[in-house]
Every structure is written in C-alpha cells, then in structure tokens.
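Working notes, structure below.
The values are calculated or read from the model by the stated rules, or taken from the named source; none is laboratory data. Everything numeric here is computed off the predicted structure, so don't read it as measured data. Methodologically, a virtual Cβ is constructed for each residue, glycine included, from the backbone with ideal geometry; neighbour enumeration extends over all protein chains shown.
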Amino acid sequence: MPLTRISLIKGKSPEHIRAISDGVHRGLIDAYGVPADDRFQLIHQHARDELVYDAAYLGLRRTDDIVIITIVAGNWRDMAQKKALYRAITDNLVASPGLRPEDVIVVLSPNARDDWSFGNGLPSYVADDAA
C-alpha cells in the first residue's frame, strides 16, 4: 500500500488535479503492481510562496506547474521497478493533464512491512505470531 503525497501550487482546476491523481495511481498500478483499490493520496495545494523549488536544479528548467510526488511504499522493489515507476508517472502526467516532464518530481520513501497499520492498532502486513 503506497501512501502518496502530491504537492502543487494552488490555482489548478479540479479536473487538472484529478488527472494528476489518476496518473500517479495508474503509474503505481502499472509499475509496482498495486491493486486498483489500493489508493491512498494526500493532495496539498500551496500558495506560490509556500512551495519553494530551484527552477534550474540539475540543469532542468522547471515552472510553476511543478508537481512534487512523495510515495511511501514497501522497500521490496528493485531498481528496474523504481525506474519504471518514475517513467510511468511522468508519461501519464505528460499525457494528462499536459505537464512538462521537467515539472514532475517523484521521491520514494521506502519502508518495511511492519511499518504499516491500516486500523485496529495492528501491523497489517505482519502475522499475529510475528508481531
């Protein structure tokens, strides 16, 4: 179960925001094999002066259409899957809502199976006898 935070500058339409949300989730389904109903996203819209970025970091040219995507997900994926995820999300967001690839930032924050509790105060991915 990935937990995804999507940050962008305020002022985009609900359709634009939904396209980003859908594109990120499709990337997770395609590249990470996440089930379609495993969708947990926090979407944050910031005032222009509350989302600070370097427009030219690493030689890229970013604009105020920047979207920063942070994904907390299990640490059992390999580099090929991570690369596929970066590409899938970027390609999806270029297709809709029409972002530039330079404006899509993806950061993975891996963790272990015992770092998740989906309720009831229990580690959801750990057998009772291992908890």
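For every residue, the table says whether it meets (1) closer than 14 Å to residue 99 by Cβ; (2) aliphatic (A, V, I, L, M); (3) under 17 Å from the mean Cα position of the chain (by Cα); (4) surrounded by 15 or more Cβ atoms within 10 Å (Cβ to Cβ).
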| position | (1), (2), (3), (4) |
| --- | --- |
| 7 | yes, no, yes, yes |
| 13 | yes, no, no, no |
| 22 | yes, no, yes, yes |
| 37 | no, no, yes, no |
| 41 | no, no, yes, yes |
| 48 | no, no, no, no |
| 54 | no, no, no, no |
| 60 | yes, yes, no, no |
| 64 | yes, no, no, no |
**OP:** Take the residues in region 75-92 that are closer than 18 Å to residue 16 by Cα and touching a strand residue (DSSP E or B) at 6+ places or on another chain (Cβ under 8 Å), then tell me which one is surrounded by the most Cβ atoms within 10 Å (Cβ to Cβ).
**Re:** 89
**OP:** Hey, can you tell me all the residues within region 93-120 that are touching a strand residue (DSSP E or B) at 6+ places or on another chain (Cβ under 9 Å) and either buried (at least 19 other Cβ atoms within 10 Å of the Cβ) or not in a strand (DSSP E or B) (or both)?
**Re:** 93, 94, 99, 103, 104, 106, 112, 113, 115, 116
Original post:
Which pairs have Cβ atoms under 7 Å, sit 6 or more apart or on different chains, and link a residue in region 92-119 that is without any contact (Cβ under 8 Å) to a residue 40 or more places away in the chain to one that is of a type in the set (Ser, Thr, Tyr) and assigned to a helix (DSSP H, G or I)?
Top reply: 101/90; 104/90; 106/86
**OP:** Check off (1) outside any loop (DSSP other than H, G, I, E, B); (2) loosely packed, with under 15 Cβ neighbours inside 10 Å for residue 72 and give me the number that stays unchecked.
**Re:** (2)
**OP:** Answer with yes or no whether residue 20 is outside any loop (DSSP other than H, G, I, E, B), touching a strand residue (DSSP E or B) at 6+ places or on another chain (Cβ under 8 Å) and of a type in the set (A, V, I, L, M).
**Re:** yes
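Tell me, yes or no, whether region 52-70 has at least one residue that is touching a strand residue (DSSP E or B) at 6+ places or on another chain (Cβ under 6 Å), modelled with pLDDT of 95 or more and under 22 Å from residue 118 (Cβ atoms).
Checked against the condition, which is being touching a strand residue (DSSP E or B) at 6+ places or on another chain (Cβ under 6 Å), modelled with pLDDT of 95 or more and under 22 Å from residue 118 (Cβ atoms), region 52-70 yields at least one hit.
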